[in-house]
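Below is one structure, written out as structure tokens, with a few remarks after it.
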Amino acid sequence: MNRRDCLALMGASSLVLAGCASAPPAMGTGDLGVVVARSTGTLAIVNTSSRKLLGMVTGLGDLSHASVVFSRDGRHAFVFGRDGGLTKVDLLAQRIAGRVMQAGNSIGGAISADGRLVVAQNYTPGGIKAFDADTLELVADVPAEYESGKRSRIVGLVDLPGQRFAYSLFDADAIWITDLSNPARPVTTKLPNIGRQPYDALVTPNGRHYIAGLFGEDGLAMVDLWEETPTVRRILGGYGRGQEPLPVYKMPHLRGWAVAGRRAYLPAIGRHEVLVVDTDTWQEVGRIPVAGQPVFVMARPDGRQVWVNFAVPDYHRVQVIDTTTQRIVRTLEPGKAVLHMEFTPRGESVWISSRDDHRVSVIDTQTFATQATMTVDSPSGIFFTSRAARLGF
């Protein structure tokens, strides 16, 4: 190679290096999130730092009861649709990266601790299915069979440490725990007769207790997951509708129960009250009167506040409880039909969806001022990528 060719090559290399040096860095995912536009099968991608709508991804099917989990790196959202669709969405490319119709009716799902498995909870056919998070290939199918071939609807699916998943069988009055360490050979622990009609459930932030709400009777069913042989314990008997049956306009979503310090704040079924529970003894220690039947009761990340939204006819309101005084400190009316709330990772803001006003509001949790609003068609669930690092979300 002569001197002129060498100089030309060096010049070209310098241009390439300069181009690389001046290229903008790739966007991170830690401040991204999604809002479900339920009526159009669309996912709105948002930035929680700039409080802006970044783009829309369409073609996700029936999202009338959709939920979302995220990959470990926060890049991909896995969306579980009511029509049984499981959709993998690339948040950076703002496109569908994969989609399978895996059931006839699905109401949610979870992702394994290592991020390798995505698991759907299904109504039709009843059971759970596990998929490879990269390819969406089916790797395990656990039918929820009971009583000579009957299949139960599944609710309250949560991820646990060690590639395990806990869930409740609404029709079978049972809680199952399935170990998917070897997806080809799932191992399921079955806990029967836990109480009538478990309708939703949660796992406490430390992963120790799985708690299922019961619609068919007062009280809750709790499993200590740290026990070598898990058993079911009944707690808070009579906490819900009490001796006199009350109408329930919308079932509470127990995944939104708030745990702040030693106290848990729970929606009382059918009542205009939030229950306060000691998480050491699991005994009720108080009740806080609120504006309506609570649906979501959610703690700010630091535990200082608990935010509550309501069923009809009070679903235009949101109330804020100060956990140091156990009192309502603010009542807000962000819009018609408030369906969901989501705190930013450190809790300086809360995002609220108002379905009938087609609006998402961003509220300052210190001053309660509105920081931003954006238009989204019939918004419902709001999910931020910070959930990727949290157990049970």
Checklist outcome for this item: If you go through Trp257, Trp307, the only one that is on the phi < 0 side of the Ramachandran plot and at pLDDT below 90 is Trp257
Item to check | Unique match (being touching a Ser or Thr at 6+ places or on another chain (Cβ under 7 Å) and of a type in the set (A, V, I, L, M, F, W, C)) among Val338, Val318, Val376 | outcome: Val338
Item to check | strands (runs of 3 or more DSSP E) fully within region 85-180 counting 3 or more residues that are of a type in the set (Gly, Ala, Ser) and either modelled with pLDDT under 95 or touching an Asp or Glu at 6+ places or on another chain (Cβ under 9 Å) (or both) | outcome: 105-111
Checklist outcome for this item: For region 189-202, pairs from a residue that is over 13 Å from Glu145 (Cα atoms) and in the same structural domain as Leu160 (by TED's automatic domain parsing) to a residue that is polar (S, T, N, Q) and assigned to a strand (DSSP E or B), with Cβ under 7 Å and 6 or more apart or across chains, are Pro198/Ser168; Ala201/Ser168
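Yes/no per residue for (1) out of contact with any Phe, Trp or Tyr (no Cβ under 7 Å at 6 or more places or on another chain); (2) under 25 Å from Ser39 (Cβ atoms):
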site: Thr279; (1), (2): yes, no
site: Val306; (1), (2): no, no
site: Val318; (1), (2): no, yes
site: Ser349; (1), (2): yes, no
site: Met374; (1), (2): yes, yes
Next on the checklist: Conditions first: (1) more than 18 Å from Val277 (Cβ to Cβ); (2) in a loop (DSSP other than H, G, I, E, B). Thr188 passes all but one, so which condition is the exception?
Outcome noted: (2)
Checklist entry - Within the bounds of region 106-115, is there any residue that is of a type outside the set (Gly, Ala, Ser) and touching a Gly at 6+ places or on another chain (Cβ under 7 Å)? => result no
Checklist outcome for this item: Just one listed residue, out of Asn193, Asn206, is surrounded by fewer than 22 Cβ atoms within 10 Å (Cβ to Cβ), at pLDDT 95 or above and in a loop (DSSP other than H, G, I, E, B), and it is Asn193
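The values are calculated or read from the model by the stated rules, or taken from the named source; none is laboratory data. It should be emphasised that the depicted structure is a prediction, and the values quoted were computed from it without experimental measurement. Here Cβ is always computed from backbone atoms with ideal geometry, including for glycine, and neighbour counts include all displayed protein chains.
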